[in-house]
Amino acid sequence: MRTAVLRLGHRVQRDQRITTHVALTARALGAEGMLLDSDDAGIERSISEVTQRWGGSFYVRRITNWKSEVKKWKEAGGKVVHLTMYGMNLPDVINEIVTDNLLIIVGAEKVPPEVYELADWNVAVGNQPHSEVAALAITLDRLNTLSGRDALKGQFTGGELNIVPSRRGKEVKSK
């Protein structure tokens, strides 16, 4: 299953921490990368360092035209999910959105109305105000489960560090 995240509306001075968490969540739960609708090199650099240290091939690519990226994705046969509290409830549409080529849009600020029109699905993780990081995590987890992937094991190739799961304490090994 090929999945990427489009972070839309990232405001450099305000959204760095949440956008970083969107990227970390996407990476940890199996997305291939994140398209960042912003010229924030700091996010790109930070996530690149995480991937180098902890493994995997996750990328952050800064873009300048989100609409063009969405259209390219769809022209290549992909589908688009927009996470919004105004959408259809995830349990009602999850079986429809399991696909091999999925772009998940996660907004930062009020998203343009065109997003609702371009998306194949506008999906809510509950129709109440909530965190976009939590919505992304739940959506990716449900997609992974239905696709038979267990992304929660946290297994990544490459990298310099590896966590050894333990009941008590913390153990990190160098590879």
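The set of residues from the range 5-29 being closer than 16 Å to PHE156 by Cα, out of contact with any Gly (no Cβ under 8 Å at 6 or more places or on another chain) and surrounded by fewer than 20 Cβ atoms within 10 Å (Cβ to Cβ) comprises just one member, LEU24.
Do we have MET88 as surrounded by 18 or more Cβ atoms within 10 Å (Cβ to Cβ), of a type in the set (A, V, I, L, M, F, W, C) and at pLDDT 95 or above here? Judged against the criteria, MET88 is not a match.
A quick yes/no check of all residues on (1) basic (Lys, Arg); (2) buried (at least 17 other Cβ atoms within 10 Å of the Cβ); (3) out of contact with any Cys (no Cβ under 8 Å at 6 or more places or on another chain); (4) at pLDDT 95 or above:
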site	(1), (2), (3), (4)
ALA108	no, yes, yes, no
VAL111	no, yes, yes, no
GLU114	no, no, yes, yes
VAL123	no, yes, yes, yes
SER147	no, no, yes, no
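For GLY55, the conditions (1) crowded, with 18+ Cβ neighbours inside 10 Å; (2) under 16 Å from ALA151 (Cβ atoms); (3) at pLDDT below 95; (4) under 15 Å from the mean Cα position of the chain (by Cα) are fulfilled apart from (4).
The values are calculated or read from the model by the stated rules, or taken from the named source; none is laboratory data. Since we're looking at a predicted model, the values are computed, not measured. Note that each Cβ is placed from the backbone with ideal geometry, even for glycine, and that neighbours are counted across all protein chains shown.
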